[in-house]
Amino acid sequence: MKKLLTFLALSTLLSTSAVAEDAAHSHGLMIADAWSRVTTPTAKVGGGYLTITNQGHHDDKLLAVASDHAERAEVHMMIMDDDVMIMRPVSDGLVIPAGETVQLAPSGYHLMFMQLNQPHIVDEPFTATLIFERAGEKIVAFDVLSMRDSMKRAAMSEGDDHGSEGHKH
């Protein structure tokens, strides 16, 4: 009987560990390189850019974004259509596939902060809350770059293999 109880206890412990390990990895989002461009003092909108890597075993979805420094914030997609830039909100959320990296950059998916309560000032970071379907809320600090530094960063992101093209939403 003692062997049976020991076996059952060990089995329960191992299965609980496996479930806990899967849960820890299923929400394994890594968010890096969050930045925004300086705005003028009267600007009503600003952008947000970052890289999201899903190290989990399941796809996740960026559903919404919120920030105290803006009345509204949304996930947007920018596309070119016959030399015309079209920007629109991503209404169904942005899928972050398991094992992949999605980059939010000026020339694709990005965040839009609208009706700014304060301008984006160089070297004065601000925070936003990203809301994911599986991972829940993640607070992210955005560095604010000068126009020159933001142009360099945007150029670097355009040459990155992990761009936002091809990811469904």
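Tell me whether the range 145-156 contains one or more residues that are outside any helix (DSSP H, G or I), under 18 Å from A64 (Cα atoms) and touching a strand residue (DSSP E or B) at 6+ places or on another chain (Cβ under 6 Å).
No, the conditions are met nowhere in the range 145-156.
Need at least 3 residues that are within 17 Å of the chain's Cα centre (by Cα) per element, so show me which strands (runs of 3 or more DSSP E) inside the range 22-121 make the cut, counting only ones lying wholly within it.
29-37, 45-54, 60-66, 70-81, 94-96, 101-104, 109-116
So S91 passes all but one of these: (1) surrounded by fewer than 18 Cβ atoms within 10 Å (Cβ to Cβ); (2) in contact with a Gly (Cβ under 7 Å, 6 or more places away or on another chain). Which condition number does it fail?
For S91, the failing item is (2).
Please go through (1) open to solvent by 10 Å² or more (accessible area, probe 1.4 Å); (2) in contact with a strand residue (DSSP E or B) (Cβ under 6 Å, 6 or more places away or on another chain) for P41 and return the number of the only condition it doesn't satisfy.
That leaves (2) as the condition not met.
Of the conditions (1) open to solvent by 60 Å² or more (accessible area, probe 1.4 Å); (2) modelled with pLDDT under 95; (3) among the aliphatic types (A, V, I, L, M); (4) closer than 27 Å to P41 by Cα, I139 satisfies every one except a single condition; which number is it?
(2)
Return a yes/no flag: does the range 143-154 have any residue that is in contact (Cβ under 8 Å) with a residue 40 or more places away in the chain, under 18 Å from I31 (Cβ atoms) and of a type in the set (S, T, Y).
Scanning the range 143-154, I find no residue that is in contact (Cβ under 8 Å) with a residue 40 or more places away in the chain, under 18 Å from I31 (Cβ atoms) and of a type in the set (S, T, Y), so the answer is no.
Might you check whether a residue that is in contact with a helix residue (DSSP H, G or I) (Cβ under 7 Å, 6 or more places away or on another chain), of a type in the set (K, R) and modelled with pLDDT of 50 or more occurs anywhere in the range 29-51?
yes
The values are calculated or read from the model by the stated rules, or taken from the named source; none is laboratory data. Predicted, not measured: the structure shown is a model, and the values here were computed from it. With ideal geometry, Cβ positions are generated from the backbone for all residues, glycine too; neighbour counts draw on all protein chains shown. When the accessible area is computed, the model is the full protein with side chains, heavy atoms only, and any ligands, DNA or RNA have been set aside. Shrake-Rupley method; radii C 1.70, N 1.55, O 1.52, S 1.80 Å.
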